[in-house]
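J.: Before I ask anything, here is the structure I am working with.
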Amino acid sequence: MTQKSVLLVEDEDNIALALEHMIGRQGYRLRRVASGSDAMQAVTEERPDLVVLDVMLPGKSGYEICQMIRKDERLNDTKVLMMTARGGEVERRKGLALGADAFLAKPFATTELTDRISDLLGDTADG
């Protein structure tokens, strides 16, 4: 079985470090970029299994990145998990409407993130 890959798009270093640690402990191959401008290039180069995408980013917003991923047929299998500190219902609905597979509001519990990633990548304990 090949190791699944996750691209983390997060501009805040302290949050990114915590997320990198959590995702790394799950055994996924991980790459991080810190801006919306770099995100699409990284997605098309790597074709990750999952993109963990912050909404508020320099360059392009997470919403724009999500739309671009969904418009690229080569990325049909790429899952998108969006997250934002402005976790209102409007933001969640917008993210899901643009094609996100899941949406988390910050702050979230560690287990909530790791469970959601496992679900999206089909790595559930009973599956």
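J.: Using θ = phi - 60° and the Karplus relation 6.51 cos²θ - 1.76 cosθ + 1.60, list the HN-Hα couplings for the stretch 66-76 in order, rounded to whole Hz, with x at every Gly or Pro.
T.: Values, residue by residue: 4, 4, 5, 4, 5, 7, 9, 4, 5, 9, 4 Hz.
J.: If you don't mind, there's one more thing I want to ask. Taking amide H positions as placed in the peptide plane 1.01 Å from N, state which residues far from R32 in sequence (5 or more) or on other chains have amide H under 5 Å from it.
T.: Here the answer is L8, since their amide H atoms fall under 5 Å of that of R32.
J.: With θ taken as phi - 60° and the coefficients 6.51, -1.76 and 1.60, list the Karplus ³J(HN,Hα) couplings across the stretch 42-47 in order, rounded to whole Hz; mark glycine and proline as x.
T.: For the stretch 42-47, the Karplus curve yields 5, 5, 6, 5, 8, 6 Hz.
J.: Considering amide H positions built from the backbone, and no H for Pro or chain starts, which residues 5 or more places from K60, or on another chain, come under 5 Å of its amide H?
T.: Counting only residues 5 or more places away or on other chains, the set is G36, S37.
J.: Over its Cα atoms, what ratio of radius of gyration to 2.2 N^0.38 Å does the chain give? Before the final figure, lay out the partial values.
T.: On the way: Rg = 13.2 Å, N = 127, 2.2 N^0.38 = 13.9 Å.
For the chain, the normalised Cα radius of gyration is 0.95.
J.: Order of 77-84, 16-23, 50-57 by packing, highest average Cβ count within 10 Å first?
T.: 50-57, 77-84, 16-23
J.: Per-residue HN-Hα couplings for the stretch 92-98, Karplus 6.51 cos²θ - 1.76 cosθ + 1.60 at θ = phi - 60°, whole Hz, x for Gly and Pro?
T.: Running phi through 6.51 cos²θ - 1.76 cosθ + 1.60 with θ = phi - 60° gives 4, 5, 4, x, 5, 5, 7 Hz.
J.: List every residue whose amide H lies under 5 Å from the amide H of V51, counting only residues 5 or more places away in sequence or on a different chain, with H placed 1.01 Å from N in the peptide plane.
T.: L7, K79, V80, L81
Read-outs: derived from the displayed coordinates by stated rules, not from any lab. Since this is a predicted model, take the numbers as computed values, not measurements. We place every Cβ from the backbone using ideal geometry, glycine too, and count neighbours over all the protein chains shown.
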